[in-house]
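One structure is given here, and the rest of the page talks about it.
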Amino acid sequence: MQDFIKAAARVKPSKRQLDWYDTEFYAFVHFTVNTYTDLEWGLGNEDEKIFNPYDLNCDEWVEAVKSAGMKGLILTAKHHDGFCLWPTSTTMHSVKSSPWKNGQGDVVKECAEACRRGGIKFGVYLSPWDRNASCYGTDAYNDFYCTQLTELLTNYGELFMVWFDGACGEGPNGRKQNYDFDRYNALVRKYQPNAVIFNDFGPDVRWCGNEAGSARRAEWAVVPSELCYRSEVQTGPSPMAGDVSFLYNTEENIGDLFHIMHSKGLVFTGAEIDMSIRPGWFWHEKEEPHSLERLWNTYLNSCGGNTSFNLNVPPMPSGRIDPRDIVRLRELGEKIENSIGEQKKVPCRVEKTWSAGGQAKYDIILDQPENIRYISIMEDLTEGQRIEAFRLLNGGVIYRGYTVGHHKICQVHTYGDRITLFITGARDEAVLRDISVYKE
Ligand code: FUL
């Protein structure tokens, strides 16, 4: 049993997963014919002529997402309606048939270039579900999809993420498609070896299980391989393998000891929290952005809870960002800066004072007493995720936490110059990457 837990503590991320964790906060941009029809899921029979972002300004998109502190952007190159934002060779259901720039435009290109100019990473979303393609529902569709994917992987420079949407509905012929994800994944690895692949179940990044921004109390990146069947299994059968019930990615506990001990093997696949700044993924005039409080809480629980945060910002029909969203993004960036920004950081040194059998105590020593508001802890994940539970103490307990992983941001209200971090449980000796303290 002890050996099994130690093996779980050594399930390691890839370099591309570590880079993705460090990106932490990035944007989704949902943009297609739906922006002009007020729908969330296009029907697939939309007239290409409705797509006309006459005032498109991707530099503005990039500035807006950067003002919130985001470091990357993922564009819906094609959503379920099948309309392609780039001049693909596979179909005329694309920008080629739109009046925008007389059919000579390429939104993917403009967006990729703006990201590069603005110094943020670029990624693509290519919906497997396609309600327009006549071959959808047949083997030929997998070839068609692979051609589209290859165009995106080879013509727009370095991608940091390829986002596969698990949605699988009926195509124009009423048939559903068997997606050949193994083939799609192999193309990504071939042409963009540094990009992480997102899918409901991995391989590199998995869905958190909801679209409302709600986070788990304990988020493990090391999870049963039954959950992420396309990921690389790093441990063999566990001592109790064989009697596993079906595990789904919407459940609250998926990487805890009970579940991993009953699993068939383990994989390293971290979660992403994806949510829109508004109720819908596409822009609708009547919708308002969520409150700053809600976005900030989601940020704290995602980037500060061992997941990444993919926040969607949908452009308007003109191709510009809604001024209401621009304001909210700037407010969020300011809130982050004013809470855990450099100017709030208090110098401190950390001393390990005791350790035994996975438990450990650290003293966090400040130069002078401060009103402390946030304490951020990072595990060094290069060897694996280890911490099971911890407490922060200042006289009494001021915070009880569970997993740490890439980054845990603890909200506290305390005054003092010496805080104790007590790791009360770990799968193996914890290796810390950083501890930072922020004042009120
Ligand atoms: C879902 C889609 O059906 C939504 O339209 C949206 O793109 C969301 C991010 O993923 O599966």
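Nothing in this text is a laboratory measurement; each read-out follows from the coordinates by a stated rule. Being a predicted model, the structure only gives us computed values, none of them experimental. Here Cβ is always computed from backbone atoms with ideal geometry, including for glycine, and neighbour counts include all displayed protein chains.
Testing residue 324 on (1) assigned to a loop (DSSP other than H, G, I, E, B); (2) under 30 Å from residue 35 (Cα atoms), one condition comes back false. Which one is that?
Status for residue 324: all satisfied but (1).
I'd like the residue in the stretch 146-167 that is β-branched (Val, Ile, Thr) and touching a helix residue (DSSP H, G or I) at 6+ places or on another chain (Cβ under 9 Å) and, out of all such residues, is nearest to the ligand (Cβ to nearest atom). Full working, then the answer.
Start the filter on the stretch 146-167 by keeping residues that are β-branched (Val, Ile, Thr), which leaves 147, 150, 154, 162.
From what is left, the residues that are touching a helix residue (DSSP H, G or I) at 6+ places or on another chain (Cβ under 9 Å) are 150, 154, 162.
Working: 150: 22, 154: 24, 162: 14 Å.
That would be 162.
Quickly run through the stretch 37-53 and pick out the residues that are under 19 Å from residue 284 (Cβ atoms) and more than 16 Å from the ligand (Cβ to nearest atom). So that I can check it myself, show each step before the final result.
Going through the stretch 37-53, the residues under 19 Å from residue 284 (Cβ atoms) turn out to be 37-43, 46, 50-53.
Across the stretch 37-53, the qualifying residues are 50, 51, 52, 53.
Output the number of the condition that residue 313 fails; it satisfies all remaining conditions of (1) closer than 30 Å to residue 56 by Cβ; (2) more than 16 Å from the ligand (Cβ to nearest atom); (3) touching a residue at least 24 places away in the same chain (Cβ under 8 Å).
(2)
Suppose we filter 285, 232 for residues that are away from the ligand (no atom under 16 Å from the Cβ) and more than 29 Å from residue 15 (Cβ to Cβ); which single one remains? Walk me through it before giving the result.
Numbers: 232 fails: more than 29 Å from residue 15 (Cβ to Cβ).
Just a single option satisfies the conditions, and that option is 285.
Would you mention how many residues in the stretch 252-276 are part of a strand (DSSP E or B) and more than 16 Å from the ligand (Cβ to nearest atom)? Steps first, answer last, please.
Just the residues of the stretch 252-276 that are part of a strand (DSSP E or B), to begin with: 266-268, 270-276.
This time we only want the ones that are more than 16 Å from the ligand (Cβ to nearest atom), so: 266-268, 270.
Residues that pass the stated criteria total 4.
Identify the residue in the stretch 116-144 that is within 16 Å of the ligand (Cβ to nearest atom) and of a type in the set (Phe, Trp, Tyr) and, among all such residues, is surrounded by the fewest Cβ atoms within 10 Å (Cβ to Cβ).
Filtering the stretch 116-144 down to residues within 16 Å of the ligand (Cβ to nearest atom) leaves 123-132, 136.
Subsequent filtering for residues that are of a type in the set (Phe, Trp, Tyr) retains 125, 129, 136.
On the way: 125: 21, 129: 23, 136: 25.
For the stretch 116-144, the residue satisfying everything is 125.
Tell me the residue from 90, 76 that is hydroxyl-bearing (Ser, Thr, Tyr), in a loop (DSSP other than H, G, I, E, B) and within 24 Å of residue 154 (Cβ to Cβ), please.
Details: 76 fails: in a loop (DSSP other than H, G, I, E, B).
So the residue among 90, 76 that is hydroxyl-bearing (Ser, Thr, Tyr), in a loop (DSSP other than H, G, I, E, B) and within 24 Å of residue 154 (Cβ to Cβ) is 90.
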